[in-house]
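For reference, the structure discussed in these notes is given below.
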Amino acid sequence: MSLAQDTAPPAIQITGLNKWYGVLQVLHDVNLTVARGERLVICGPSGSGKSTLIRTVNALEGFQSGEIKVAGIRLTRDQSVVEDIRRRVGMVFQQFNLFPHLTVLENCALPLRLVRGLSAVEARDRSMHFLSKVRIPEQATKYPAQLSGGQQQRVAIARAVAMQPELMLFDEPTSALDPEMVKEVLDVMVALADEGMTMAVVTHEMGFARQVADRVIFMDAGRIVEQGQPTTFFSTPKSDRTRAFLQQVLH
Amino acid sequence: MHYKDNIDYPPMLTRPAVFVPLLVAVFAALCWFQAGDGALGRLVLGLVPGAEGNTLNLATAACVTALVGFNIFVVMRLPLRQQVWLVWAELAALILLFFYSFDLSFAFIQRKIGFLITQGLLTTLYISAVSIFIATLLALMGAIAKLSSNGIAQGIAHFYTSLFRGLPLLMQIYMIYLGLPQLGYVVDAVPTGIAALSLCYGAYMTEIFRAGIESIPKGQWEAARALGMRPVSVMTRIILPQSMRVIIPPTGNQFISMLKDSSLVSVVGVWELMYLARTQGQTEFRHIEMMVTASLIYWLMSIVLELAQKRIETHFNKAATR
C-alpha cells in the first residue's frame, strides 16, 4: 500500500452509535471502522440491527447519538452532506428495488445522467460496460419484471457500481432469491471484491464470508458481539451466542 | 378480463339454459310494462294492423323479444372486438332514435349550431382546459403537502380538501362571484368559473394523487435516494411516473366530470355551451332541440377524453403489461 492510501481516512468510521425506535434501542454504542479496500461481512440473527447499522451509513436510517464518518466526511442532517455521502456509497437491497417503469439500461443510465451529469451517450456506454461485467448486456432493453430474481439483483449491482462509488453496502443481497440463483449473484460480488472494492455485506452466506471477507462481525441485540478474521471467527468463536448462531446457519 | 382464466368456457349466451330464460324474462318484462302502449306499439301496428289492448301488448313483446334474440344470436358469432363495436353502435343508434322521436326541428338546430360551437363549445373547452391544468397543479401540490412532514403545509392541504370537497360546486361559484365583492374584490364571470372548477377538482384530485404516490413501495424511494438523486428527481423521475398507473383512470373520470360540471358556470352568465343551449332555445320555444344538441356535443367531447385517457393509460402501463 502506498503512503497516500495509508493516511487517507477510512471508508467508514462509526463511533458510539446509538439508535432507538421509540423506547426500543436497536443499536447500542456501536464502534466500527472499515478500512479502504476492506471486505466486511456482518452477520447475526434477524432483528440484531445489522441491516439498520449499514442503512445508517448512507442515511436511509437516522440515529440519535454517536458519529458516522464516510471517507472522512461527517454525516450530518445537512441535505448536501447527505447527498454527497450517498454519491460515494453504493447500495444493493434485499428486494433489488429496480425501477419497474424503466428498462434495465435506463435503470443504470438515468442515475448516471441525473446524479453524475453524464450525457445520454456516455451514460448508455458506461451502463452497457457495467451490465457486461455482471454478464447481462443482452437484457438491456427489457423491463425488470421480465427478468429472474438473480438477473434483477445483478442489474441492481451494476446500477450501483456504475455510479463508481467509493464503497458498496449490501443488505442481504441473496435472501430474496431462489436457491439456484444465489450463486450467480455471489459470483458477481466476488468479482467485485477481487477488483478491490470496499464492501460491507450483511448476509447469511457463510461460504461467501469465508471466501471473500477480511473480517466478519457478529451482531446480536444491537451490539457488536464478536469480530475477527473468517478463519478464526468460524473455527474458534469466542462467545456462546456466536457459537449458537453459527451452529444454526452452518447446518 | 385483464387476467383471463385459461379454461375456455362456452360463452354464457350460447347456452340454451341461459339464452332461453333470458328471452322469457325480456318478454315478461315487456308485457308487464305494457310495451304496446307506447312508441313500440305504434311500430308494431304496422305489422299487425288493428291489434289493440292485450293483443297489441303481446305482439309488441313478441316482436321485440324476437329482435333481441336474433341480435344476440348474430352478435355471438362475431369475434370479440367486433362484438364490442357492434353492441356499442346499436346502443348509440337506440339513443339517437330516442332523441329523433322528439320530432326535432333540424332547420332550427342547423341555424343555431354554428353559434353553439363557436361561442359555447369554445368557452366550455377554454374554461375546462385551463381548469384541468390548474387543478392538476393544485392536486400535485396538495398531495405533496399532505405527505410532507411540514405541519403548516399539511394543515393547509387538509383544510383545502375538506372545504372544497365539502361544499357544493354551485355554492363555491356563488362564494367567489358574489362573496368576494363583499371584501371589495370583484371577480369576472369566466375567472370565477375557472377558479371554482380548479379549486373543487384540485381538491378531489389531491386525494387521487396522494393515493397514487402512496401506492409506490418504500424501496423505490430508498433506491433512488441511495443513488444520490435529489428530491425533485426522485419525485419526477421515479415516483410520479410509476404513480401514473394508479392516478390516470380516476383522473380521467374527473376530467370528464369537470367538462360537464363546467355547465354550472352558466349561473353567473358565462356564455358557455349549457348557457347558450338554454337561452338560444327560449326565443322560439325550441328548448329540446338545443338541449339535445348540447348533450351530444358534451358526449362527443367526453368520448375524446375517454380515448385520450386510454392512450395515456397504455403508455404508462407498457412496463407492467409486457
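The values are calculated or read from the model by the stated rules, or taken from the named source; none is laboratory data. It should be emphasised that the depicted structure is a prediction, and the values quoted were computed from it without experimental measurement. Methodologically, a virtual Cβ is constructed for each residue, glycine included, from the backbone with ideal geometry; neighbour enumeration extends over all protein chains shown. Just the protein is used for accessible areas: all its heavy atoms, side chains included, with ligands, DNA and RNA removed. Shrake-Rupley method; radii C 1.70, N 1.55, O 1.52, S 1.80 Å.
Which part of region B:283-322 falls in the paramagnetic zone of B:Leu125, meaning amide N under 11 Å from the point 7 Å along Cα-to-beta-carbon? Once the point is set 7 Å along Cα→Cβ of B:Leu125, B:301 turn out to lie under 11 Å by backbone N, inside region B:283-322. Among the protein heavy atoms, those of A:Asp84 account for about 60 Å² of accessible surface (1.4 Å probe, every chain in place). Once the C-beta distance of B:Phe108 and B:Ile303 is scaled by a Förster radius of 30 Å, the resulting FRET efficiency is 0.75 to the nearest 0.05. Within the assembled protein chains, the solvent-accessible surface assigned to A:His204 is about 70 Å², based on a 1.4 Å probe. Residues considered: B:Leu170, B:Leu80, B:Leu273. Largest GNM mean-square fluctuation over chain B, using C-alpha springs under 10 Å, is found at B:Leu80.
Each label was represented as a point 7 Å from its Cα along the Cα-to-Cβ direction; for B:Ala211 and B:Leu183 these points are 3.2 nm apart.
Considering all different alpha carbon pairs of chain A, the Kirkwood hydrodynamic radius works out to 18.8 Å.
When B:Leu96, A:Leu131 are compared by accessible area of protein heavy atoms, the largest-first order is B:Leu96, A:Leu131, using a 1.4 Å probe. Largest accessible area first, the listed residues A:Met181, B:Met291 line up as B:Met291, A:Met181 when surface is computed with a 1.4 Å probe on the assembled protein chains.
Largest GNM mean-square fluctuation among B:Gly41, B:Gly155, B:Gly252, using chain B with Cα springs under 10 Å: B:Gly41. Share of Cα-Cα pairs in region B:200-306 beyond 25 Å, in percent? Distances greater than 25 Å cover 45 percent of the Cα pairs. Relative to the longest principal axis of the Cα atoms of chain A, the long axis of helix A:104-115 makes an angle of roughly 80 degrees. Axis angle, to the nearest 10 degrees, between helix A:240-250 and the longest C-alpha principal axis of chain A: 40 degrees.
Sequence-distant contacts, meaning Cα pairs under 8 Å at least 6 residues apart, place the relative contact order of region B:119-270 at 34 percent. Shown is the FRET efficiency for A:Glu122 and B:Ala28, computed with R0 = 56 Å from the Cβ-Cβ distance and rounded to the nearest 0.05: 0.15.
In terms of accessible area, using a 1.4 Å probe and ignoring ligands and nucleic acids, A:Thr103, A:Thr7 rank largest first as A:Thr7, A:Thr103. Report summary: the helix-based calculation at 222 nm, which adds -39500 (n - 2.57) for every DSSP H run with n ≥ 4 and divides by the residues of chain A, gives -12000 deg cm²/dmol.
Show me the trypsin sites (Lys or Arg not before Pro) within region B:11-101 that DSSP assigns to loop and that have at most 14 other Cβ atoms within 10 Å of their Cβ. Mind showing how you got there, number by number?
Values: sites: B:Arg42, B:Arg77, B:Arg81; in loops: B:Arg77.
Counting only loop positions with at most 14 other Cβ atoms within 10 Å, the trypsin sites (Lys or Arg not before Pro) in region B:11-101 are B:Arg77.
Within the full protein context, the accessible area of B:Val84 is estimated at about 90 Å² for a probe radius of 1.4 Å. What shape does chain B take by its C-alpha gyration tensor, where a ≥ b ≥ c are the square roots of the eigenvalues and a/c under 1.5 counts as rounded, a/b above b/c as prolate, and the rest as oblate? Oblate is the answer for chain B, as a/c is 1.5 or above yet b/c matches or exceeds a/b.
Shielding value for A:111-120 is 3, the average number of Cβ atoms from other chains within 10 Å of each residue's Cβ.
For chain B, the 222 nm mean residue ellipticity estimated from helices alone, with every DSSP H stretch of n ≥ 4 adding -39500 (n - 2.57) and the total spread over all residues, rounds to -24000 deg cm²/dmol. Taking every alpha-carbon pair under 8 Å whose residues sit at least 6 apart, region B:1-137 reaches a relative contact order of 18 percent.
Taking the C-alpha atoms only, the angle from helix A:149-162 to the longest principal axis of chain A is near 90 degrees. Springs between Cα atoms under 10 Å define the GNM used for chain A, and in it the highest mean-square fluctuation of A:Val23, A:Val41, A:Val92 occurs at A:Val23. As a length-normalised measure over Cα pairs under 8 Å and 6 or more apart, the relative contact order of chain B settles at 18 percent. Label separation (B:Arg311 vs A:Val81): 5.0 nm, computed from points 7 Å beyond Cα along the C-beta direction. With both bridge residues required to lie in the protein assembly as shown, what share of the DSSP beta bridges run antiparallel, to the nearest 5%? The antiparallel fraction comes to roughly 55 percent.
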